[in-house]
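Every number here is computed from the coordinates shown, using simple stated rules; none is lab data. Because the structure is a prediction, the values reported are computed rather than measured. Please note: Cβ atoms are built from the backbone with ideal geometry, for glycine as well, and neighbour counts cover all protein chains shown.
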Amino acid sequence: MSDKRYQAHETAVIDPGCEIGDGTRIWHFTHIMSGCHIGANCNLGQNVVVSPDVVLGNNVKVQNNVSIYTGVICEDDVFLGPSMVFTNVTNPRSSVNRRGQYETTRVCKGATIGANSTIVCGVTLGEYCFIGAGAVVTKNVAPYALVLGNPARQAGWMSGSGHRLLFDEDGLATCPESGEKYKLTNGTVNKLTP
């Protein structure tokens with residue numbers, strides 16, 4: 001179609017009835033199913049599947065070999081690392097049809113999910129949280145939290161630019177790249193406005 005405002009490799013399969021934003025790039029052997037909404041300036045790598053009714057915000061980066069199942073919502077600026085995994089049913093059985101029981105998983109603005117991580121359905125990953133490679137997330141993750149391991153446990157805090165935050169005795173930290181300042185109060189991190 002000449003009015004298409006996104007780029008798709010010739011091997012990509014794009015079903016009718018999906019929305020794809022301007023400037024989005026879709027690479028080899030990727031399947032976009034009907035009913036999904038993909039924002040502007042996204043990048044979907046090789047061998048990606050986006051199931052019906054999935055929502056991806058603007059500037060979402062999806063690396064190779066990721067399947068995004070019905071029930072997943074990714075807000076703007078989310079990074080999904082290579083071969084990471086979402087689930088959408090808590091107790092799947094081949095012999096039991098649970099199609100109407102998909103749980104919602106929300107990945108909030110700016111979150112990063114590392115390579116080969118697994119996100120069990122029904123959780124919320126807070127803004128700018130950072131899921132380390134190979135982690136298995138079974139519960140909600142706080143904004144700016146760094147979680148590692150199986151099961152994933154909090155190991156610290158990350159800045160919006162993806163650097164570890166080291167808080168002083170007053171609960172203040174500065175991102176070494178952006179210079180942004182953060183405050184830790186009662187287990188909650190907030191970015192301070194200049």
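Considering only Tyr144, Tyr182, Tyr128, the Gaussian network model of the chain with Cα springs below 10 Å gives its largest mean-square fluctuation to Tyr182. Our coupling estimate for region 41-56, obtained by passing each phi through the Karplus curve with A = 6.51, B = -1.76, C = 1.60 and θ = phi - 60°, is 6, 8, 9, 10, x, 6, 6, 9, 10, 10, 6, x, 6, 5, 10, 10 Hz, Gly and Pro reported as x.
Taking every DSSP beta bridge that has both ends in region 73-147, the antiparallel portion is near 5%. Basic side chains Lys and Arg get +1 at the Cβ, acidic Asp and Glu get -1 at the Cβ, and with that the dipole of the chain about its Cα centre reaches some 480 debye.
Max-minus-min Cα coordinates of region 46-109 on each principal axis give 37, 21, 16 Å, with the largest extent listed first. Using the Stokes-Einstein relation with a Kirkwood hydrodynamic radius computed over Cα pairs, the translational diffusion coefficient of the chain at 10 °C and a viscosity of 1.306 mPa s comes to 91 µm²/s.
In plain terms, the C-alpha convex hull of region 98-165 casts an average shadow of 4.5 nm² when viewed from every direction. If the reach is capped at under 27 angstrom between alpha carbons, list the lysines near Lys61, excluding any in the same chain fewer than eight residues apart. Straight-line reach from Lys61, under 27 Å: Lys4, Lys109, Lys139, Lys181, Lys191. Here the chain carries DSSP beta bridges of which approximately 25% are antiparallel, counting only pairs with both residues inside. Compute the separation of the alpha-carbon centres of region 118-136 and region 34-78 and state it in Å as a whole number. If you average the Cα positions of each part, the centres end up 15 Å apart.
Pair-distance distribution of region 1-82: all C-alpha pairs, bin width 5 Å, starting at 0; shares per bin in whole percent are 4, 17, 29, 34, 13, 3, 0. Each distinct pair of alpha carbons in region 26-132 adds a 1/r term; the inverse of their mean, the Kirkwood radius, is 13.6 Å.
Expressed in Å, the radius of gyration and Dmax of the Cα atoms of region 153-194 are 9.6, 31.
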